[in-house]
Each structure stands twice: as C-alpha cells, then as structure tokens.
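The values are calculated or read from the model by the stated rules, or taken from the named source; none is laboratory data. Just so you know, these numbers come straight off a predicted model, no measurement behind them. We place every Cβ from the backbone using ideal geometry, glycine too, and count neighbours over all the protein chains shown. Heads up: the accessible areas ignore ligands, DNA and RNA and are worked out on the full protein's heavy atoms, side chains in. Shrake-Rupley method; radii C 1.70, N 1.55, O 1.52, S 1.80 Å.
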Amino acid sequence: MSVMYIDHMEQKPSPSPARYDPPTIVFHWSCAAIIVLQFATANIWGLFRNPLHHQLVVTHLTLGIILSLLMPARLLWRMSRGRHIRAADRWLDAVLARSVEYSLYGLVMLEIILGYLWRWGNGQPMSFLAIQITPPFGRFSTSTVDLLHWLHQWNGWLIIILATGHGLAACFHYFILRDDVFQRMLVKGTVSDEYGK
C-alpha cells in the first residue's frame, strides 16, 4: 500500500502541449497569407487599368471564396480536435491574447459576409477564377451598397491593425522575451513546455 501511495504521489500532471497540431498551423498561416493578399489587392487594384485591374479583382474574389471555406473549417477544427495551449501564465496577458484571437476570428468572418453582400448586393457575381457565381438575391439600394462597401473597407483595416499587433506581439516574445511562444505556431524547431521560459 505504501509503495502504491508513493508512486501515486510522485506522478506529475502531464505538461501542456508545446506546439499546435499541424492542421492548426496550416490553417493559421494559410488564412494569414490570404488576409494579407486580400488587403493588398483591394488597396492597389485602383492604381491599374485593365486587364491588370480585372485580374486583381478576380484574385481578390477568388481568395475571398477560399477564405470563406477555410475560416469555418478552421473554427470547427479548433472547437473539436484542435490542440489547445494556454495563452499565458499571467491573467491579464491571457485575457489580451484571447481577446485579440477571438476578435480576429469574428472580424474575419464578418468581413467575408460583408464581401459577399457588397458584391451580390451590387448586382455583380462572385468570381472563382473563371467561374461566375451569380447573386442569389436582388440588387440592394445604392445607399445600402455604399454602406456595405464602407463597412467592408474599414473592417478590413481593423483586421490588419489587430493582425499587425498580433504579429508584433509574437516578435516581442521571440526577440525580447526570448521565449518559445512564436515557435509554437511553427512546424519545426525546439519548443519548451513552459510559457515564458
């Protein structure tokens, strides 16, 4: 009995996972790359004439459709089989980290919805490469279309501002704190099981 008791007492709780699982990492970097490309194309296509202007618009729409499939899949994976790692040891750091994370999820999903509504509400099809997806509803009023455009544009800026802050925080951890937080979203590299070590 005493040996069993000692063995039981010496067991340590399993450490939290040191790295996110491969699907979570792929979802993260794929969505991040698409969001940056979306922001870039939307802000430069006005500088060019056709055919480059048209190609940038179609690229933006195509990537938007891909993102509209990736984001729900990413959220579903996170809520079901995705690996969960604590955001931080300190309560305030954890709250800030999760707040930014969940805000980005919500804003990106909102941006996708606004994009579809703006495009279809203006009577224009969504383009996936050469495939045209016609509007499933009638054209909106000009004032509604203008409002959707405005919301889509400024919501995009808000996403980029939050994402930039998120990226700068990762750089702060990597270069200043010199911990392993950034490496947790990489496929390779040495990562410890402790936050801030």
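Screening residue 19 with (1) open to solvent by 40 Å² or more (accessible area, probe 1.4 Å); (2) free of Cβ contacts under 8 Å to residues at least 60 places away in the same chain gives one miss only, at (2). Cβ separations smaller than 8 Å between residues 6+ apart or across chains give the following pairs from segment 91-114 residues that are without any contact (Cβ under 8 Å) to a residue 24 or more places away in the chain to residues that are open to solvent by 40 Å² or more (accessible area, probe 1.4 Å) and not in a helix (DSSP H, G or I): 94/86. Is it the case that segment 131-138 has a residue that's out of contact with any Phe, Trp or Tyr (no Cβ under 8 Å at 6 or more places or on another chain), within 23 Å of residue 26 (Cα to Cα) and open to solvent by 40 Å² or more (accessible area, probe 1.4 Å)? Checking segment 131-138: not a single residue is out of contact with any Phe, Trp or Tyr (no Cβ under 8 Å at 6 or more places or on another chain), within 23 Å of residue 26 (Cα to Cα) and open to solvent by 40 Å² or more (accessible area, probe 1.4 Å). In summary, residue 98 fulfils each of the numbered conditions (1) in a helix (DSSP H, G or I); (2) closer than 30 Å to residue 185 by Cα; (3) among the charged types (D, E, K, R); (4) open to solvent by 80 Å² or more (accessible area, probe 1.4 Å) with the single exception of condition (4).
Scanning segment 98-114 for residues that are in contact with a helix residue (DSSP H, G or I) (Cβ under 8 Å, 6 or more places away or on another chain) and not charged (D, E, K, R) returns 100, 103, 104, 105, 107, 108, 109, 110, 112, 114. Every condition in (1) outside any helix (DSSP H, G or I); (2) modelled with pLDDT of 95 or more is met by residue 20 except one, and the failing one is (2). None of 86, 119 is in contact (Cβ under 8 Å) with a residue 12 or more places away in the chain and either open to solvent by 60 Å² or more (accessible area, probe 1.4 Å) or assigned to a strand (DSSP E or B) (or both) except 86. The C-beta contact set for segment 126-138 (first residue on the phi > 0 side of the Ramachandran plot, second residue modelled with pLDDT of 95 or more, distance under 9 angstrom, 6+ apart or interchain) comprises 129/58; 129/62.
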